[in-house]
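The values are calculated or read from the model by the stated rules, or taken from the named source; none is laboratory data. Not measured: the values here are computed from a predicted model. Positions of Cβ are generated from backbone atoms using ideal geometry, with glycine treated the same way; all protein chains shown enter the neighbour counts. Note: areas computed on protein heavy atoms with side chains; ligands, DNA, RNA excluded. Shrake-Rupley method; radii C 1.70, N 1.55, O 1.52, S 1.80 Å.
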Amino acid sequence: MSTALVLDTQKNIIEIKWIGMPKPEEVDEITEQVLILRGGFSSDTFKVLVDMRESLVFSKESQARLVEHQRQLQAAGMSHAAIVTRKALTTIQLKRSAREAENDKETHFESYDEAKQFLEAVDTN
């Protein structure tokens with residue numbers, strides 16, 4: 001089961017960890033969790049670290065929900081997203097979803113530590 005949690009309260013970072021082949025309902029649940037977690041930050045903006053290292057490809061239905069997921073997070077104030085993935089097909093799917101969602105806030109990394117350091121260093125104000 002995929003998860004969403006607060007990674008760093010002071011830096012306003014939420015971590016999403018996609019596991020396996022997320023079903024459409026799971027994408028919706030993660031979106032809801034992120035929006036709730038985001039409400040705990042005092043800042044108008046927040047950052048997301050997306051760990052896809054244990055994820056398989058998204059089904060067509062899940063990918064459509066992922067587009068809406070990205071739109072909702074942007075509308076809620078997501079300023080940056082650092083995506084960690086090692087699979088070429090997953091990266092292609094994510095870039096396609098980002099294009100469809102008009103999401104220009106994603107940066108891709110192969111290393112979790114690099115992605116985390118990027119988000120910690122970037123200023124959202």
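Couple of notes before you dig in:
- Candidate set: region 102-122, residues that are over 16 Å from Met52 (Cα atoms) and free of Cβ contacts under 8 Å to residues at least 40 places away in the same chain; chosen: the one least open to solvent (accessible area, probe 1.4 Å): Asn103
- Residues of region 3-19 classified as open to solvent by 50 Å² or more (accessible area, probe 1.4 Å) and more than 10 Å from Gln33 (Cβ to Cβ), total: 7
- Against the numbered list (1) closer than 18 Å to Ile13 by Cα; (2) at pLDDT 90 or above; (3) over 11 Å from the mean Cα position of the chain (by Cα); (4) not acidic (Asp, Glu), Arg53 comes up short only at (1).
- For region 35-64, the set of residues classified as open to solvent by less than 60 Å² (accessible area, probe 1.4 Å), closer than 24 Å to Lys116 by Cα and in a helix (DSSP H, G or I) consists of Leu37, Arg38, listed by residue number.
- Given (1) within 14 Å of the chain's Cα centre (by Cα); (2) exposed (fewer than 14 other Cβ atoms within 10 Å of the Cβ); (3) part of a helix (DSSP H, G or I); (4) at pLDDT below 90, number of the condition Glu32 does not satisfy: (4)
- Of all residues in region 64-117 being among the polar types (S, T, N, Q), within 18 Å of Ile14 (Cα to Cα) and in contact with a helix residue (DSSP H, G or I) (Cβ under 8 Å, 6 or more places away or on another chain), the one that is modelled with the highest pLDDT: Gln72
- The C-beta contact set for region 69-87 (first residue touching a residue at least 12 places away in the same chain (Cβ under 8 Å), second residue surrounded by fewer than 18 Cβ atoms within 10 Å (Cβ to Cβ) and part of a helix (DSSP H, G or I), distance under 6 angstrom, 6+ apart or interchain) comprises Ala76/Leu35; Ala82/Phe118; Val84/Tyr112; Thr85/Thr91.
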